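Undergrad: Before I ask anything, let me first share the structure, which is written out below as structure tokens.
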Amino acid sequence: MPAESGPHGSHMPLVRISRRGEERVNAGHVWIFGDDLRETPSGLSPGDWVRVESRSGLPLGTAMLNTHSRIALRIVSREVIEPGRAFIARRLGEARARRAAAGWDDENAMRLCFSEADAMPGLIVDRFGDVLSLQILTAGMERYRQEILEELVSLYAPRLIYERSEGGARKHEGMPERKGPVFGDAAIATSVIETDGVRFLVDVEKGPKTGFFLDQRSNRRIVRDLSAGKTVLDGFCSTGGFGIYALAGGASGVLAIDSSDYAIGAARDNAARNGFEDRWEGRSANLFQELRQLSASGRTFDLVVLDPPAFTKAREGREGAVRGYRDVNRLGLSLLPPGGLLATASCTQLVDLSTWKEALRFAAADARADLELVAVGGPPPDHPVLLGMPETDYLKFAVWRKRRR
């Protein structure tokens, strides 16, 4: 995180942390847990911004405090800074410049701000054409909600800002959920976006998360480029991203499966929007059960895509998540003939790369399959990854070829 310039917030309360917390900050992480708080003034409220020092008095920066959350401090700067409109403007401007430097300044669908990865913990902003979808997930960012809205309007002149501040993160921060239009024309909640020549209708009110999964874009390109002439199964298809990219790449047919009726309907509409309806089939079903039935029937595919949701969002569920990855990939492999391709992903930040690959190894052994690596993917430039914060490197993706034994 770069050093800040500008006024210093020396009037802010001072919090000191343990040696372990200091080492964590110096290693590049921005989360400090409650166990590492050592001196905290009384009377502070969730979302207060504080100065942070080591126990020996070494300045460590500025953070948002919430002692009701397991993550008690979230570092926003290595320097002591003054929170407010100027800070918000600077951070959002830096995020915009970061994407422009990656060649993404003209993209009509992209993540404009990615929480800790853009040094704005708990703030997520996605652009879908002239509609912005906003999430505020921390009490510290909630303090400056109005300034955030004003700056987004100034920077991007959207027709609509729709807020999707929902989910467990708000609960952990002690805040109620909030959903609905907060700026602009409340009558529009949809926008047609185009990525890599493929069009999708995004519904920021009813769609998944902020409306559409933008983080798989680079990986969808990989699938597209491997799909010519192939039959494809698009598992956990959501609103159709991987399957429709596969059809754009020349796939002969796609079977898309998701447990959500809404997702299947949206994916069907997106297939038609791109002129692919004659090669697309959708089923609303439990994917695990459907894969078993397809395998029992002897049906095979040239390419199986598995993009499961996060199997756990809590540390206590990691073992179950690993079992889920093992089971779903074993079932996916059972539908592939020798030479077939498995494109598989994980978005569970609590399961790291090595653990995920170990689950894939067990899945391959269970399926009596030998696999060779074809391609490795990851997040696009609008989802920055911080070396010192593994949680930002949550998205794993790889394509494997099933060899003849």
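Undergrad: What percent does the relative contact order of the range 202-333 come to when contacts are Cα pairs within less than 8 Å and at least six residues apart? Intermediate values should be presented prior to the final figure.
TA: Numbers: 212 pairs, mean separation 28.6, N = 132.
With pairs under 8 Å counted, the relative contact order is 22 percent.
Undergrad: Then there's this: To make sure I understand, if each residue's beta carbon is the centre and we count other beta carbons within 10 Å, what order do R220, R199 fall in, fewest to most?
TA: Values: R220 27, R199 14.
Ranked by crowding around the Cβ, least crowded first: R199, R220.
Undergrad: If the only charges are +1 at each Lys and Arg Cβ and -1 at each Asp and Glu Cβ, what is the size of the charge dipole of the range 85-188 around the Cα centre, to the nearest 20 debye? List each step's numbers first, then the result.
TA: Working: 16 positive and 17 negative charges, 40 e Å.
Result for the range 85-188 is approximately 200 debye, rounded to the nearest 20.
Undergrad: Counting pairs of alpha carbon atoms under 8 Å apart in space and at least six apart in sequence, what relative contact order in percent does the range 297-357 give?
TA: On the way: 76 pairs, mean separation 30.9, N = 61.
Computed over the range 297-357, the figure is 51 percent.
Undergrad: Another question, if that's okay. Cross-link partners among lysines for K206, C-alpha distance below 19 Å, same-chain residues fewer than 8 apart left out?
TA: List returned: K179.
Undergrad: Please work out how much length the chain gains when fully extended from Q146 to D130, using 0.36 nm per residue of separation minus the C-alpha to C-alpha distance, in nm with one decimal. The partial results should precede the final answer.
TA: On the way: separation 16, 0.36 × 16 = 5.76 nm, distance 1.96 nm.
That works out to 3.8 nm of additional length.
Undergrad: In nm, give the distance between the simple-model label positions of R199 and R404, each being 7 Å from the Cα along the Cα-to-Cβ direction.
TA: 4.4
Undergrad: Using the charge dipole of the chain (Lys, Arg: +1 at Cβ; Asp, Glu: -1 at Cβ; taken about the Cα centre), state which of I264, G174, S77 has its Cα farthest towards the positive end.
TA: Projecting each Cα onto the dipole axis, the largest value belongs to I264.
Undergrad: So what's the gap between the Cα centers of the range 18-38 and the range 45-79, to the nearest angstrom?
TA: Cα centroid to Cα centroid, the span is 9 Å.
Undergrad: Gain in length, E82 to A187, computed as 0.36 nm per residue apart minus the alpha-carbon separation, to one decimal in nm?
TA: Values: separation 105, 0.36 × 105 = 37.80 nm, distance 3.72 nm.
In short, 34.1 nm is gained.
Undergrad: Please give the contour-minus-distance gain from E94 to S154: 0.36 nm per residue of separation, less the Cα-Cα distance, rounded to one decimal in nm. Before the final figure, lay out each step's value.
TA: Working: separation 60, 0.36 × 60 = 21.60 nm, distance 1.46 nm.
In short, 20.1 nm is gained.
Undergrad: With viscosity set to 0.890 mPa s and temperature to 25 °C, compute the Stokes-Einstein D of the range 256-399, Rh being the Kirkwood radius across alpha carbon pairs; µm²/s, no decimals. Write out the running numbers ahead of the final one.
TA: Working: Rh = 16.5 Å.
Roughly 149 µm²/s, to the nearest whole number.
Undergrad: Another question, then. With the dipole of the range 249-351 worked out from charges on the C-beta (+1 for Lys and Arg, -1 for Asp and Glu) around the Cα centre, which of G249, T312, G282 lies farthest toward the positive end?
TA: T312
Undergrad: Shifting gears a bit: Is the C-alpha gyration tensor of the range 1-144 telling us rounded, prolate or oblate? Criteria: a/c under 1.5 is rounded; beyond that, a/b larger than b/c is prolate, otherwise oblate. Each step should come with its number before you reach the end.
TA: Details: a/c = 2.07, a/b = 1.86, b/c = 1.11.
Prolate.
Undergrad: Order by neighbour count: V198, V385, V52, fewest other Cβ atoms within 10 Å first, most last. Could you put the intermediate results ahead of the total?
TA: On the way: V198 22, V385 16, V52 27.
By the 10 Å Cβ count, ascending, the order reads V385, V198, V52.
Undergrad: On to the next question. Can you tell me the order of 149-156, 16-23 when each peptide is scored by its average per-residue count of other Cβ atoms within 10 angstrom, highest first? Intermediate values should be presented prior to the final figure.
TA: On the way: 149-156: 16.1, 16-23: 18.0.
So the peptides 149-156, 16-23, ranked by packing, come out 16-23, 149-156.
Undergrad: Ok, one more. Sorted from largest to smallest, which semi-axis lengths in Å does the alpha carbon gyration tensor of the range 254-333 give for its equivalent ellipsoid, taking the root of 5 times each eigenvalue? Walk me through the intermediate numbers first.
TA: Values: eigenvalues 130, 58, 20 Å².
Result for the range 254-333: semi-axes of 25, 17, 10 Å.
Undergrad: Continuing with this model, one more query. Please compute, over every Cα-Cα pair in the range 14-77, the percentage with a separation greater than 20 angstrom. Mind showing how you got there, number by number?
TA: On the way: 209 of 2016 pairs.
Value for the range 14-77 (Cα pairs over 20 Å): 10 percent.
Undergrad: Counting other beta carbons within 10 Å of each Cβ, put W280, W104 in order, fewest first. Write down the numbers at each step before the final one.
TA: Working: W280 25, W104 15.
Lowest to highest Cβ neighbour count: W104, W280.
Undergrad: Then there is this: Placing unit charges on C-beta atoms (Lys and Arg positive, Asp and Glu negative, everything else neutral), compute the dipole magnitude of the range 215-403 about its Cα centre in debye, rounded to 20.
TA: Taking the Cα centre of the range 215-403 as origin, the dipole is about 420 debye.
Undergrad: Angle between the Cα long axis of helix 145-156 and the longest principal axis of the chain, 0 to 90 degrees, nearest 10?
TA: So the helix axis and the longest Cα principal axis differ by about 60 degrees.
Undergrad: When the convex hull of the C-alpha atoms of the range 85-188 is computed, what volume per residue in Å³ does it have? It would help to have the intermediate numbers written out before the result.
TA: Working: hull volume 9.4 nm³, N = 104.
That works out to 90 Å³ per residue.
Undergrad: To continue, here is another question. How high is the relative contact order of the chain? Use alpha-carbon pairs under 8 Å, at least six apart in sequence, and give a whole percent. Before the final figure, lay out each step's value.
TA: Numbers: 885 pairs, mean separation 44.4, N = 405.
Contact order relative to length: 11 percent.
Undergrad: Quick check: Cα centre of the range 162-179 to Cα centre of the range 182-255, how many Å?
TA: Using only Cα atoms, the two centres lie 26 Å from each other.
Undergrad: In 10 Å bins starting at 0, how do the alpha-carbon pair distances of the range 131-244 split up by percent?
TA: Final binned percentages: 12, 36, 31, 16, 5, 0.
Undergrad: Order 329-336, 141-148, 386-393 from most to least packed using the mean count of other Cβ atoms within 10 Å.
TA: Values: 329-336: 23.6, 141-148: 19.4, 386-393: 15.5.
Going from most to least packed, we get 329-336, 141-148, 386-393.
Undergrad: The range 352-405 to the range 102-146: how many Å between their Cα centroids?
TA: The distance from the Cα centre of the range 352-405 to that of the range 102-146 comes to 27 Å.
Undergrad: Quick one: dipole size for the chain, taken about the Cα centre, charges +1 on Lys/Arg Cβ and -1 on Asp/Glu Cβ, in debye to the nearest 20. Numbers along the way, then the final one.
TA: Working: 55 positive and 54 negative charges, 236 e Å.
Computed about the Cα centre, the dipole is about 1140 debye.
Undergrad: Have a look at the chain and give its Rg and Dmax from the Cα atoms, expressed in angstrom.
TA: 22.5, 70
No value in this document is a laboratory result; all are computed from the given coordinates. From a predicted model like this one, the values you see are computed outputs, not experimental measurements. Here the Cβ is made from the backbone with ideal geometry for all residues, glycine too, and neighbour counts use every protein chain on show.
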